Amino acid sequence: MNAHFAGRLAFISGAASGIGRAIAIEMSRRGMQVAVADIDLARAEQVAAEIGNASAVFLEVSNPASWAAALDQAEGRYGPLAVMVSNAGVAGSTDPVSQTSQAAWEWSRSVNLDGNFYGLTQGLDRIAATGLPGHLVATSSLAVINVKSRIGVYAAMKAGVLALCEALRDELAGSNIGISALLPGPVRTRLLEANASRSPDEVFVSRLEIQEGLLRNGLPPEEVAIMTADAIGTQEFWLFPNRDLEDRIDTRMADMKKSFRSAATG
Ligand SMILES: NC(=O)c1ccc[n+]([C@@H]2O[C@H](COP(=O)([O-])OP(=O)(O)OC[C@H]3O[C@@H](n4cnc5c(N)ncnc54)[C@H](O)[C@@H]3O)[C@@H](O)[C@H]2O)c1
C-alpha cells in the first residue's frame, strides 16, 4: 500500500469476523481509516473497539439501499472512500445442485453475488467521484477453479464475482483505480458457524465434516489480510493466499487443454 492511501477511508464488508476482520485490522495498522461493516453489528462493534480508531456500520449486503446508507455513514465520519473490500459472504446450502431449493439458491445469490455487485459498483462510483487513486477488492474463492459436489451453488456465485472483477479490471485499465480478486482456499474462520446462524428458516444447511476439517486446518486469516493490503494501489489482480494449492490451477488448465489437443488430432 502506498502513501496515497494513508489517512483515507477503507470500507470492509463482512468485517465482524474472519478474513474481513483481519483485513480491517491490517488496513488500520497501515494507517487507513476503517469502516467495519457487517450484518452482525454487535460483533462489528467489538472489532471496531479492538482496532481503536475505527467505526462499526450496519450493512445487509443483499440490499442496495443498505450499501448506500452504510457508505454515507462511513464517509460522513472519515471522508470520501478510497478502498472498497467487498468481502461478506455465506457458505450457503451444501445440497447437491440437483436438489437445491429455490430459497437456497436465492439466499446464496442475494448475499454472494448481488452483494458483491452492489459493493463493487457503489464503491467504484464513490471512489471515481474523488478523482484520487483508489482500489477495489472482492472476495471470490479458489472453489471456482475446481468445483466439487456440494459447493456448486456457492461456486456459481463466486465465479460470478470473479467475472465481475475481471470485467472491471478491463474497464478500469489506464485509470487510477485498481482492482484485485481474492481467491482464498481454506481459511480458519467462522464461515460455517455464521452460515448456520444466518440461514433463512426455509433453507437447510448441513455441516459437512469435510468442510469443517478443511477450515480448521486452513490458513490464518492474518496471512490473507497481509496479501490483500499489499495489493492496494498496485496492479496485482490475482490474490491466491493458499500458495500450496497452485496445482489446482494446473489441473484445471491441463483438463481444458486436453480437449483442444484431442480436437486438433481428431
Ligand atoms: N474461510 C474460507 O475458507 C473461505 C474460502 C474462500 C472464500 N471465503 C470467503 O471469504 C469471505 C469471508 O468469509 P470468512 O471465511 O471470513 O467467514 P466469516 O463467517 O468468519 O465472516 C463472514 C462475515 O460476513 C458477514 N455476513 C454474512 N452475511 C452477510 C450479509 N448478508 N450482509 C453483511 N454481512 C454479512 C458475517 O456476519 C460475517 O461476519 C466470504 O465471502 C467467504 O465466502 C472464505
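Nothing in this text is a laboratory measurement; each read-out follows from the coordinates by a stated rule. Small disclaimer: the values here were computed from a predicted structure and weren't measured. Positions of Cβ are backbone-derived with ideal geometry, glycine not excepted, and every protein chain shown enters the neighbour counts.
Using a Gaussian network model of the chain whose springs link C-alpha atoms within less than 10 Å, name the residue from GLY218, GLY20, GLY131 with the highest mean-square fluctuation.
Looking only at GLY218, GLY20, GLY131, the largest GNM fluctuation is found for GLY131.
Under 5 Å between amide hydrogens, which residues at least 5 positions from ILE179 or on another chain qualify, with H placed 1.01 Å from N in the peptide plane?
Answer set, sorted by chain and number: LEU136.
Quick one: putting +1 on the C-beta of Lys and Arg, -1 on the C-beta of Asp and Glu, what dipole do you get for the chain around its Cα centre, in Debye to the nearest 20?
460
How do 165-173, 30-38, 108-116 rank on mean C-beta neighbours within 10 Å, highest first?
30-38, 108-116, 165-173
Highest GNM mean-square fluctuation, the chain, Cα pairs closer than 10 Å: which of VAL83, VAL205, VAL224?
The residue with the greatest mean-square fluctuation here is VAL205.
Using Cβ contacts closer than 10 Å as the measure, can you line up LEU182, LEU192 from fewest to most?
Details: LEU182 26, LEU192 19.
Least to most surrounded, the residues fall as LEU192, LEU182.
Which one, PRO184, PRO241, PRO220, has the greatest fluctuation when you compute a Gaussian network model over the chain with C-alpha springs under 10 angstrom?
For the chain, modelled as a Gaussian network with Cα springs under 10 Å, the answer is PRO220.
Where does the stretch 3-265 land on Rg(C-alpha)/(2.2 N^0.38 Å)?
Values: Rg = 18.1 Å, N = 263, 2.2 N^0.38 = 18.3 Å.
Expressed relative to 2.2 N^0.38 Å, the Cα Rg reads 0.99.
Taking other Cβ within 10 Å of each residue's Cβ, how do ASP250, ASP95 sort, fewest first?
Arranged by neighbour count, lowest to highest, ASP250, ASP95 become ASP250, ASP95.
Relative to the longest principal axis of the chain, what angle (0 to 90°, nearest 10) does the C-alpha long axis of helix 18-29 take?
Once rounded, the angle reads 40 degrees.
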